[in-house]
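Colleague: Structure incoming, see below.
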Amino acid sequence: QVQLVESGGGLVQAGGSLRLSCAASGSIFRINIMGWYRQAPGKQRELVADITSRDSTTNYADSVKGRFTISRDNAKNTVYLQMNSLKPEDTAVYYCNAAVLSTDWRNYNYWGQGTQVTVSS
């Protein structure tokens with residue numbers, strides 16, 4: 001079993017910044033991809049950004065390119081999302097996701113509990 005613990009959400013004014021963190025722990029052999037998704041009220045969950053462990057290749061939603069930066073610390077099994085120039089439309093619950101090769105040699109997909117980000121205009 002693997003646990004993902006998120007932190008860093010909150011309320012910020014438009015134009016402000018927040019940094020989200022997600023730490024993974026448990027039966028981890030290797031985390032292949034870690035990422036952030038978000039879900040706004042009445043909308044489907046969508047990918048915000050993800051990053052591979054092998055070469056730190058990143059992938060961003062068009063709506064956040066140039067404003068958000070994803071990074072990871074493999075030694076700590078932690079992923080970060082630096083969010084700058086926040087807009088009211090970034091308001092959502094942000095979920096951490098990890099594609100894990102577990103110590104039982106099986107691949108699993110895990111989700112964090114979610115952290116609320118609210119951007120006021």
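The values are calculated or read from the model by the stated rules, or taken from the named source; none is laboratory data. If you're wondering where the values come from, they're calculated on a predicted model, not measured in any experiment. Don't worry about glycine lacking a Cβ; one is built from the backbone with ideal geometry, like all the others, and counts go over all protein chains shown. Ligands, DNA and RNA are stripped out before the accessible areas are found, and what is left, the full protein with its side chains, is counted by its heavy atoms. Shrake-Rupley method; radii C 1.70, N 1.55, O 1.52, S 1.80 Å.
Colleague: Which residue is farthest from SER120 (Cα to Cα), if the candidates are limited to the range 74-92 and must be open to solvent by 30 Å² or more (accessible area, probe 1.4 Å) and in contact (Cβ under 8 Å) with a residue 60 or more places away in the chain?
Modeller: Of everything passing the filter in the range 74-92, TYR80 is farthest from SER120 (Cα to Cα).
Colleague: Right, another one. So which residues in the range 55-73 are free of Cβ contacts under 8 Å to residues at least 12 places away in the same chain and either basic (Lys, Arg) or within 11 Å of ILE33 (Cα to Cα) (or both)?
Modeller: Answer for the range 55-73, where residues must be free of Cβ contacts under 8 Å to residues at least 12 places away in the same chain and either basic (Lys, Arg) or within 11 Å of ILE33 (Cα to Cα) (or both): ASP55, THR57, LYS65.
Colleague: If you don't mind, there's one more thing I want to ask. With respect to ASN109, determine if the residue is surrounded by fewer than 13 Cβ atoms within 10 Å (Cβ to Cβ), assigned to a strand (DSSP E or B) and in contact with a strand residue (DSSP E or B) (Cβ under 8 Å, 6 or more places away or on another chain).
Modeller: Working: surrounded by fewer than 13 Cβ atoms within 10 Å (Cβ to Cβ): yes; assigned to a strand (DSSP E or B): yes; in contact with a strand residue (DSSP E or B) (Cβ under 8 Å, 6 or more places away or on another chain): yes.
Judged against the criteria, ASN109 is a match.
Colleague: May I ask you to list pairs of residues, at least six apart or on different chains, whose Cβ atoms are under 6 Å apart, with the first in the range 7-20 being under 16 Å from GLY35 (Cα atoms) and the second being part of a strand (DSSP E or B) and among the small types (Gly, Ala, Ser)?
Modeller: SER7/SER21; GLY8/SER21
Colleague: Would you please list the contacts, defined by Cβ atoms under 6 Å and residues six or more apart or on different chains, that run from a residue in the range 28-50 that is outside any strand (DSSP E or B) to a residue that is surrounded by 14 or more Cβ atoms within 10 Å (Cβ to Cβ)?
Modeller: From residues that are outside any strand (DSSP E or B), the pairs are ALA40/ALA92; ARG45/TYR37; ARG45/GLN39.
Colleague: Taking the range 45-87 on its own, how many of its residues are within 22 Å of GLN3 (Cα to Cα) and touching a Lys or Arg at 6+ places or on another chain (Cβ under 8 Å)?
Modeller: Here is the first cut: in the range 45-87, the ones within 22 Å of GLN3 (Cα to Cα) are 45-54, 56, 70-82.
Still in the list and also touching a Lys or Arg at 6+ places or on another chain (Cβ under 8 Å): 45-46, 48, 51, 53, 56, 78-82.
Residues in the range 45-87 being within 22 Å of GLN3 (Cα to Cα) and touching a Lys or Arg at 6+ places or on another chain (Cβ under 8 Å): 11 in total.
Colleague: In the range 81-94, which residues are within 14 Å of the chain's Cα centre (by Cα) and closer than 16 Å to LEU47 by Cβ?
Modeller: Scanning the range 81-94 gives LEU81, MET83, ASP90, ALA92, VAL93, TYR94.
Colleague: Which one is most open to solvent (accessible area, probe 1.4 Å) among residues in the range 34-59 that are modelled with pLDDT of 95 or more and under 15 Å from TYR110 (Cβ atoms)?
Modeller: The extreme case among them is ARG45.
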